[in-house]
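Before any comments, here is the structure.
The values are calculated or read from the model by the stated rules, or taken from the named source; none is laboratory data. Keep in mind it's a predicted model, so treat the numbers as computed, not measured. Glycine gets a Cβ as well: all are built from the backbone with ideal geometry, and neighbour counts include every protein chain shown.
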Amino acid sequence: MNAAIPDLRHHTAVVTGATGGMGQVIAATLINAGARVVTVARNPARADALRAHIGRDNERRLDIIPGDLTRREDLITTAQVIEDRYEQIHILVNNAGAHFPDHRVSPDGIEMHIALDYLAAYGLMTRLDTPLRRGRARIVNVASDTVNDTRRVKLARKPRPATLDLTHVDDLADLNPQAGFVPFEAYARAKLMTVTAGYALARSFTPDGVTLNAVHPGIVATDIIDDLVPPLLRPFGAIIRRTMRTPADGAGTALRIATDPQLAGVTAHYFNQGSAAVTPPVSHDPAVQQKLLTLSEAHFAR
Ligand SMILES: NC(=O)c1ccc[n+]([C@@H]2O[C@H](COP(=O)([O-])OP(=O)(O)OC[C@H]3O[C@@H](n4cnc5c(N)ncnc54)[C@H](OP(=O)(O)O)[C@@H]3O)[C@@H](O)[C@H]2O)c1
């Protein structure tokens, strides 16, 4: 997955979660290929560290907008700032994500996995609709193969896919409730929502040449792993990290989908690392997709 990146001069890319892990590699690689990269950072010290990582020579091609992607108001403001500054967006990598070990709620009353691992991506894809269409953008959502299997320790034989039942849901605030909260399943549900909405949005983008795909980057040694490793295994964290993909390897998947000329026009796919793969049947159900889009629009319309 480490195909050479084409010349990206005159390209504008929006990359979330660029202050750490794979996002930092994605942003730096796109900048080195000539692109201007826009990102959103909630922590000024992490933003400064990203600037230092990018280096003086390339700093002018990095635009960091302060904001917390789990807050509806920040997301709407950020999208407006981006649209005001950039007429076209050519690449959008929705990479920011986290696994929360306990039940937490955003300032808007949304469970945090739904707020960050789903709504941040949904919000940018829809609020940046016009510049994305003008730029015939490639959108890449960094999901997770937990959509296909939510077992943390894979001793039992059968995979246990993430679930998404919107039958009695009138508000996204109803999803991932405190009662019966299982963090890993809540994370996987939010990623499944991103994949599900992505299939529907991909269809609406097709007439304007915008492509939208989701990826699983593999199991990658980044900060998120500290939250994902089961407590019993945490004392072996450093050893476990050494068995994982590096952030550069993990970033390669999203970078390829975002830039490889051979993948031009490929849309509405889910890639598990290098290969196209399936996602649970519910993600392809048009009624579920439509209801999810309606609930998500209602969230941003408040
Ligand atoms: N690592 C893996 O094995 C793995 C596997 C499957 C999928 N993924 C997915 O890959 C993506 C990248 O994760 P990573 O492994 O590179 O993790 P990471 O090193 O923890 O990076 C997460 C990034 O998201 C940003 N972020 C978190 N909350 C934010 C918020 N409220 N507003 C704005 N930015 C926020 C973080 O910013 P701060 O600097 O402010 O913390 C950081 O830049 C995630 O979507 C993750 O779910 C990872």
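So that you can scan it fast, the table gives a plain yes or no per residue for (1) farther than 22 Å from T19 by Cβ; (2) of a type in the set (F, W, Y); (3) at pLDDT 95 or above:
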site: N95; (1), (2), (3): no, no, yes
site: P101; (1), (2), (3): no, no, no
site: H113; (1), (2), (3): no, no, yes
site: Y122; (1), (2), (3): no, yes, yes
site: M125; (1), (2), (3): no, no, yes
site: P131; (1), (2), (3): yes, no, yes
site: G135; (1), (2), (3): yes, no, yes
site: D145; (1), (2), (3): yes, no, yes
**Complete:** Per the filter on the range 34-92, residues under 20 Å from the mean Cα position of the chain (by Cα), charged (D, E, K, R), crowded, with 18+ Cβ neighbours inside 10 Å and farther than 22 Å from P107 by Cα are R36
**Fill in**
Apart from one, (1) more than 10 Å from the ligand (Cβ to nearest atom); (2) closer than 26 Å to D174 by Cα; (3) among the acidic types (D, E); (4) in contact with a helix residue (DSSP H, G or I) (Cβ under 9 Å, 6 or more places away or on another chain) all hold for D68; the odd one out is (1)
**Request:** Kindly indicate the residue of the range 106-136 that is without any contact (Cβ under 8 Å) to a residue 60 or more places away in the chain and within 13 Å of the ligand (Cβ to nearest atom) and also surrounded by the most Cβ atoms within 10 Å (Cβ to Cβ) among those meeting that condition.
**Result:** A115
**Prompt:** Taking the condition of a type outside the set (A, V, I, L, M, F, W, C), within 13 Å of the ligand (Cβ to nearest atom), at pLDDT below 85 and farther than 16 Å from N272 by Cα, does D223 pass?
**Reply:** no
**Message:** Pairs needed: first member in the range 231-258, free of Cβ contacts under 8 Å to residues at least 12 places away in the same chain and at negative phi; second member anywhere, surrounded by 15 or more Cβ atoms within 10 Å (Cβ to Cβ) and assigned to a helix (DSSP H, G or I); C-beta distance under 7 Å; at least 6 residues apart or different chains.
**Reply:** L233/I240
**Request:** Could you grab me the full set of residues in the range 274-302 that are among the polar types (S, T, N, Q), surrounded by fewer than 18 Cβ atoms within 10 Å (Cβ to Cβ) and either in contact (Cβ under 8 Å) with a residue 24 or more places away in the chain or in contact with a Leu (Cβ under 7 Å, 6 or more places away or on another chain) (or both)?
**Result:** Q290
